[in-house]
Amino acid sequence: MPILNGVDPLDGLRRAGKRVTDPLESLAQSVAQHVVELVVHAVDLNALLQQVDLDALLARVDVNEFLARVDVSALLDRVDVNEVLRRVDVDALVAETDLGAVIAQSSGGLATEALDAARSSAVGLDGFVDRWVGRVVRRRHPLPVAPPALLDAADHGGTQA
Amino acid sequence: MSGQAPGAGLETMQGHYAGSVSRFAAYVIDVAVSSGLFAAGLALVSYAAQVVTGHVIGWSRQDVLVAVLLAAWQLLYYGYSWASGGKTFGMAVLGVQVVRADGMIIDPWRGVLRALVFPLSFLLLGLGFAGILVQREHRALHDLIAGTAVVYSWDARSARLRFLSRSRPSAAGDAR
């Protein structure tokens, strides 16, 4: 049949069918949306959720699998860790948890304590002498507290020089 | 909890210019340590020479050789300490450290230069050290020449945590 080469006789039927099914499909979608909205409004979700056995539900969830899919780096990038840590009451944390015992065990004994005390005293005396020298030489402007590269770190709790 | 914890109120001192008392105390320790090591070294050499030759070797402070050896030893002690880590033994004890004037880690050559020009601060009745008291950045003459500064390097926050953790068992004991 050379005259029908390249022409599908069923094309016309398909086009006619598509003209009918497309509007029907959109109509069905809109009806379904309305039905869902009506059902959601009609149902008391709180009552429904109370009937859900969350323990059983969670038992079926593979938390490890879920966590494996989480990009922790991306998550941490969105968290301001410094801001979080600034809100932590470290004194209370150390006083009320075993963290204090861990620190005490990991950080020497009498020698460390003596070193801390000696350094603290020296820093206190540094400030005392500096204040008196400031009075004697009549300093009027505050002195820089740290070198430029360490200034920002010093303002935020310090870092290794 | 009575009294003030070591490091309380000092959390931000790390990286600040170190004061005169901390620096002087560190220097006193260094003088004691370096002199002790030098004396021990001389005693060891004397003992070895006595064992080998059978003659007793006596050292005198007026001896030119001893003076030269002492100067070389001091240069090695301070130069190596500052060039390698920015701190001598005494500075490590007091928690202070030599850094570049801009606060960056000291270059080794600056450490050696600082040790070389350190004696200059003793001239003119130690006037070179007056900068530690009156200069804006607490820098002595040898600091200004070598382009260095001395800052606190110890972690006062850790000291405070240690203090709090130590006081915890006693506080619990008091409660009982």
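Structure notes:
- Checklist (1) modelled with pLDDT under 85; (2) surrounded by 10 or more Cβ atoms within 10 Å (Cβ to Cβ); (3) closer than 27 Å to B:Ala25 by Cα applied to A:Leu110, failing item: (2)
- Residue that is surrounded by the fewest Cβ atoms within 10 Å (Cβ to Cβ), among those in region B:129-158 that are under 30 Å from A:Asp91 (Cβ atoms) and not β-branched (Val, Ile, Thr): B:Ser158
- Breaking point among (1) in contact with a helix residue (DSSP H, G or I) (Cβ under 9 Å, 6 or more places away or on another chain); (2) closer than 23 Å to B:Ser34 by Cα, for B:Leu133: (2)
- Within region B:115-126, the presence of a residue that is within 30 Å of A:Ala117 (Cα to Cα) and touching an Asp or Glu at 6+ places or on another chain (Cβ under 8 Å) is excluded.
- Restricting region A:128-143 to residues that are facing another protein chain (nearest Cβ under 7 Å) and modelled with pLDDT of 85 or more leaves a set whose member that is farthest from the chain's Cα centre (by Cα) is A:Val137.
- Qualifying helices (runs of 4 or more DSSP H) (wholly inside region B:37-117; at least 3 residues being farther than 26 Å from A:Asp126 by Cβ and not hydroxyl-bearing (Ser, Thr, Tyr)): B:64-84, B:108-117
- B:Ile106 touching a residue at least 60 places away in the same chain (Cβ under 8 Å), touching a strand residue (DSSP E or B) at 6+ places or on another chain (Cβ under 9 Å) and crowded, with 18+ Cβ neighbours inside 10 Å: no
- Qualifying residue in region B:65-78 (condition: surrounded by fewer than 18 Cβ atoms within 10 Å (Cβ to Cβ), under 16 Å from B:Val117 (Cα atoms), hydroxyl-bearing (Ser, Thr, Tyr) and at pLDDT 90 or above): no
The values are calculated or read from the model by the stated rules, or taken from the named source; none is laboratory data. The structure presented is a predicted model; accordingly, all values stated were derived computationally and were not measured. Cβ: placed from backbone, ideal geometry, glycine included. Neighbour counts: every protein chain shown.
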